[in-house]
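Colleague: Pasting a structure below so you can have a look.
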Amino acid sequence: MGAHLRTVQGIAGVHFVVWAPNAARVSVVGDFNEWDGRRHPMTNRGSTGLWELFIPELTDGTLYKYEIRSRHLDAPLLKADPYAVASELRPKTASIVRALSPYRWKDQSWMTARAQQEPARHAPLNLRGPSRLLDAYP
């Protein structure tokens, strides 16, 4: 789900997948197609409700939204990607294609300490907390 940088048959681009089970048509729109939903319609994957499309030559940083034509409304809806890795800051609302691989985690000290701890299944567990509701039951 979402937008992921991919290489398909030697061609770099972005693979989009969104779940829209009640849509009659879903398209990917952005600056790359002048926000025109007729230019990049997605393929419906049947009863799954999934729609997908690979668009060649799109890159990291591409702004996009989904244009959804509902079976129940005449006007198309422009929607941000619920699985987007990044989004514009308000008041703008477009989703942004982002590569995940350059991100570097900075939690090595926590991971090392966690590995040295007793597994949680062997540690005591306190089910009684600060809740007044729990205090009502001895």
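Colleague: I'd like to know if segment 35-48 contains one or more residues that are at positive phi and of a type outside the set (Lys, Arg).
Modeller: Of the residues in segment 35-48, the ones at positive phi are 35, 46.
Still in the list and also of a type outside the set (Lys, Arg): 35, 46.
The answer is yes; a qualifying residue exists.
Colleague: Output the residue which, of all residues in segment 82-98 that are crowded, with 16+ Cβ neighbours inside 10 Å and out of contact with any Lys or Arg (no Cβ under 7 Å at 6 or more places or on another chain), is nearest to VAL18 (Cα to Cα).
Modeller: Step by step, filter segment 82-98, then rank; the result is ALA84.
Colleague: A follow-up question, please. Of the residues that make up segment 2-15, is at least one assigned to a helix (DSSP H, G or I), modelled with pLDDT of 95 or more, over 19 Å from the mean Cα position of the chain (by Cα) and more than 13 Å from TYR66 (Cβ to Cβ)?
Modeller: Within segment 2-15, the first condition is being assigned to a helix (DSSP H, G or I), and the residues that meet it are none.
Scanning segment 2-15, I find no residue that is assigned to a helix (DSSP H, G or I), modelled with pLDDT of 95 or more, over 19 Å from the mean Cα position of the chain (by Cα) and more than 13 Å from TYR66 (Cβ to Cβ), so the answer is no.
Colleague: Being modelled with pLDDT of 70 or more, of a type in the set (A, V, I, L, M, F, W, C) and more than 30 Å from ASP60 (Cβ to Cβ) is the filter here; which residues of segment 99-126 pass it?
Modeller: Hits for segment 99-126 are ALA113, ALA115.
Colleague: Something else now. Filtering segment 23-42 down to residues that are in contact with a strand residue (DSSP E or B) (Cβ under 6 Å, 6 or more places away or on another chain) and under 19 Å from ARG71 (Cβ atoms), which residue is surrounded by the fewest Cβ atoms within 10 Å (Cβ to Cβ)? Please lay out each step first, then the result.
Modeller: To start, the set of residues in segment 23-42 that are in contact with a strand residue (DSSP E or B) (Cβ under 6 Å, 6 or more places away or on another chain) comprises 23-31, 35, 37, 40-42.
Restricting the remaining residues to those that are under 19 Å from ARG71 (Cβ atoms) gives 23-27, 37, 41-42.
On the way: ALA23: 22, ALA24: 13, ARG25: 17, VAL26: 27, SER27: 23, GLY37: 19, PRO41: 15, MET42: 23.
Within segment 23-42, the match that is surrounded by the fewest Cβ atoms within 10 Å (Cβ to Cβ) is ALA24.
Colleague: Give LEU63, LEU50 a once-over and let me know the one that is under 16 Å from ILE96 (Cβ atoms) and either crowded, with 18+ Cβ neighbours inside 10 Å or of a type in the set (A, V, I, L, M, F, W, C) (or both).
Modeller: Working: LEU50 fails: under 16 Å from ILE96 (Cβ atoms).
It is LEU63.
The values are calculated or read from the model by the stated rules, or taken from the named source; none is laboratory data. These numbers come from a predicted model, not from an experiment. With ideal geometry, Cβ positions are generated from the backbone for all residues, glycine too; neighbour counts draw on all protein chains shown.
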